[in-house]
Amino acid sequence: MTADVFEAERPRLKRLAYRMLASVSDAEEVARDAWLRWRAADQAAIEEPAAWLTRVTTRLCLDRLKSAARDRATYVGPWLPEPLVEDPADPVERAEEVSVAFLLALQRLTPLERAVFLLREVFEEDYAAIAEVLGREEGACRKLAERARSHVAAAKPRFIVPPGEARRLAQAFMDAARRGDVEGFGRLLADDCVLITDGGGKRSAALRPLVGREDILAFLRGIASRNPRSLAGVLRPARINVAPGAIIDSPDGVQTVALEPGDDGRLAAIYIVRNPEKQKTLSRET
């Protein structure tokens, strides 16, 4: 029964850890650490296993965020979450709470704000339970939640793009990429489109977010002129953080592309993860 109780909670614990840490591999490690603590605990004395495991998982995540802050300070170029990759035919995440924009908004919160926000808004815990998890007064948790909501509100989509429209844009993106058609690619971009590439200093990538169609196209034309093969690759459609996208097997390694459709039938944002450290785990379980 020890393993059965934990396995019933494992998917939820991994979902919480991924949202806290924005890393599939770290979320899996946290789930393993929670299992070790559960196995070593006096389970007969634990009245609510789900609440106990939530508390342990949250605290493990908070501990990891301390070292993550130090690593982030020396990170080379823009930072993006480790991609959560799903098969388009068999999605396992449907909530917007794993979109790249949402995860980036969470990164702007303090670790405690992030924990309170997720436990309250995503996992629907009451404030008394959250206060126990964090060892804080209930009133303090309410204030943390209020601050977090105001910061995250701006990241919520202002419109809902129909799935068919999102798929059309993704297909047009892949067609242009397969042809190496930079100008055709440009026609898919909104005027204020944002392109963020995360190479982590381990693979070539833009060292700043590119904002606007002309900025993005100038960057791509420069790449194509220096090394036409760099835009080549084998594309496989995939859902990346619940967005239409692709896995690209390019000459210098695998990369993932998540596309954020806009309300004008064009792309509002493109997120490309090239850092090989973030490609080790292409999970469909978190």
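The values are calculated or read from the model by the stated rules, or taken from the named source; none is laboratory data. Computed from a predicted structure; not experimentally measured. Virtual Cβ from ideal backbone geometry, glycine too; neighbours counted across all protein chains shown. Keep in mind that these areas ignore ligands, DNA and RNA; they rest on the heavy atoms of the full protein, side chains included. Shrake-Rupley method; radii C 1.70, N 1.55, O 1.52, S 1.80 Å.
Here are the numbers:
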| quantity | calculated |
| --- | --- |
| Potential extension, Asp252-Arg168 segment - 0.36 nm per residue separation minus Cα distance | 27.5 nm |
| Sequence-distant aspartates and glutamates (8 or more away, or on other chains) whose Cα lies within less than 12 Å of Lys202 | Asp252, Glu277 |
| Protein accessible area in region 163-211, 1.4 Å probe - carbon and sulfur % | 55 percent |
| Which of Ala31, Ala41, Leu195, positive extreme of dipole for the chain (C-beta unit charges) | Leu195 |
| Surface accessible to a 1.4 Å probe, per residue, for the residues of the chain, Å² | 49 Å² |
| Distance histogram for the chain (every C-alpha pair counted, 10 angstrom bins, percent rounded to whole numbers) | 6, 27, 32, 21, 10, 3, 0 |
| Packing-based ranking, highest mean first, of 172-179, 62-69 given that Cβ atoms within 10 Å are counted | 172-179, 62-69 |
| Convex hull volume per residue in cubic angstrom - Cα atoms of region 94-138 | 62 Å³ |
| Potential extension, Glu124-Glu137 segment - 0.36 nm per residue separation minus Cα distance | 2.9 nm |
| Length-normalised contact order for region 1-149 - Cα pairs under 8 Å, 6+ apart - percent | 24 percent |
| Cα gyration tensor category, rounded, prolate or oblate, for region 28-89 with a/c compared to 1.5 | oblate |
| Residue-averaged [θ]222 nm for the chain, counting only DSSP H segments that reach four residues, each worth -39500 (n - 2.57) | -15000 deg cm²/dmol |
| Computed over the chain: relative contact order in percent, which uses C-alpha pairs under 8 Å that are six or more apart | 23 percent |
| Inter-label distance, nm, simple model (7 Å from Cα along the C-beta direction), Leu36/Asp4 | 2.7 nm |
| Efficiency of FRET from Cβ geometry, Lys66 and Arg12, R₀ 22 Å, rounded to 0.05 | 0.40 |
| With eigenvalues of the C-alpha gyration tensor scaled by 5 and rooted, region 97-256, Å | 38, 17, 15 |
